[in-house]
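Below is one structure, written out as structure tokens; comments come after it.
Just so you know, all these numbers are worked out from the coordinates, no wet-lab data involved. Being a predicted model, the structure only gives us computed values, none of them experimental. Please note: Cβ atoms are built from the backbone with ideal geometry, for glycine as well, and neighbour counts cover all protein chains shown.
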Amino acid sequence: MKTTSVPLDGLDLLSSAVLILDAESRVAYANAAAENLLEASFKMLSSQTLGKLFLNGEELSDVIRQATANQFADKRLDLTLERHGREPLHVHVVVTALDRHDLPVLIELRENVQQLKLDREERLLDQSQVNKELIRNLAHEIKNPLGGIRGAAQLLEFELPERHLKELREYTQVIIKEADRLQTLVDRLLAPHKRPHIVGDVNIHEVCERVRSLIMAEFPHGLALKRDYDLSVPEFRGDKEQLIQAVLNITHNAAQALKERIAQGDAQITLQTRVARQVTLAKVRYRLALDLHIIDNGPGIPPEIRDRIFYPLVSGREGGSGLGLTLAQTFVQQHLGVIECESRPGCTDFRILIPLP
């Protein structure tokens, strides 16, 4: 990092990216955060026009010219930072006119968290729609042959000669039982699309308490399931059974991931409810939303599947069907909401957001 003769070392302590331009709109100062965000050294930044770093950089160049001419005190704009070989980065920029002829412009850059959130939600919705179509088509393609396989195995069992019935029946029973297992899997895949949406008044704390009682019955020792409720959360219209299933799927996954900590006696899951304000879901702005967190102190989601946990048949647990989170996301989206997840070793946080009246 380089600086002008003016002492600016204190700006290196800031987490936000700061640039100072000279009278010819060249970079005269860049703090460490700016070099990290723009992925360029001060030497590289000072040798090129700043606007060329952004996909919509002409707008920034115009604003810099206006700031240099002292036509405003500060101005804000959203830009897209071009990054070679990776997704562009949305950046919120504040351009401030300084009262100095040699250093007339200060620029502050921050990642545009709101835009990133909207993009992530849009990808989740698109992914969910593709998943639904894939699941529906795949399940119907599997369902018919399964019935034929099971029926043929039953007929074969009736035709077995008596002297070989006992030893060969074992094989026909394997076919029948595996066909039944696959049929159950197909039924679970189709369940969200076959079952009608039953709407009524939903108290989210009744949902949480039902889930809590089911989990504590299955894991009576070594697991603390804590409540952190905001009792001001209002009732809303929804399908109570679907929401119980969604919260149960997430909480049950968390409990199973805590197997080692349950054995040690220090496993913990927290059900937390809050009211979020001014929330954007699927590009629609809502004044209020349910903000439900299911937090566990387990090992975290493996990095290799973290971006795919809502895909069908993706599981981080041996023997898992990989359908629990897919169904949970589907049920929440039917309530115009979304499920988000942040995970690291020692803390996994599933967040359910649903619009409130």
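Structure values in brief
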| item | result |
| --- | --- |
| Region 193-284, relative contact order [Cα under 8 Å, separation at least 6], % | 41 percent |
| Linear extension gain, E141 paired with M216, 0.36 nm per residue minus alpha-carbon span | 23.1 nm |
| Local net charge near D74, Cβ-Cβ under 13 Å (Lys/Arg +1, Asp/Glu -1) | 0 |
| In sequence order, calculated HN-Hα J values of region 144-154 (Karplus, 6.51, -1.76, 1.60; Hz; x Gly/Pro) | 5, x, 4, x, x, 4, 5, x, 5, 5, 5 |
| Highest average packing first - 156-169, 266-279, Cβ atoms within 10 Å | 266-279, 156-169 |
| Region 35-96 versus region 201-268: alpha-carbon centroid distance in Å | 46 Å |
| Rounded to whole Hz, the Karplus (6.51, -1.76, 1.60) HN-Hα couplings of region 262-270, x for glycine and proline | 5, 4, 7, x, 10, 6, 8, 10, 10 |
| Mean Cβ count within 10 Å, highest first, over the residues of peptides 249-256, 236-243 | 249-256, 236-243 |
| Semi-axis lengths, Å, region 211-357, gyration tensor of Cα atoms, sqrt of 5 times eigenvalues | 25, 18, 14 |
| In Hz, Karplus ³J(HN,Hα) per residue of region 36-49 (6.51, -1.76, 1.60; θ = phi - 60°; x = Gly, Pro) | 5, 5, 7, 6, 8, 6, 4, 4, 5, 5, 6, 9, 9, 6 |
| Computed E for K259/I149 - FRET, C-beta separation, R0 22 angstrom, nearest 0.05 | 0.05 |
| Under 5 Å, built H, 5+ apart or other chain: amide partners of L98 | V105, L106 |
| Most to least packed among 32-44, 67-79 [average Cβ atoms within 10 Å] | 32-44, 67-79 |
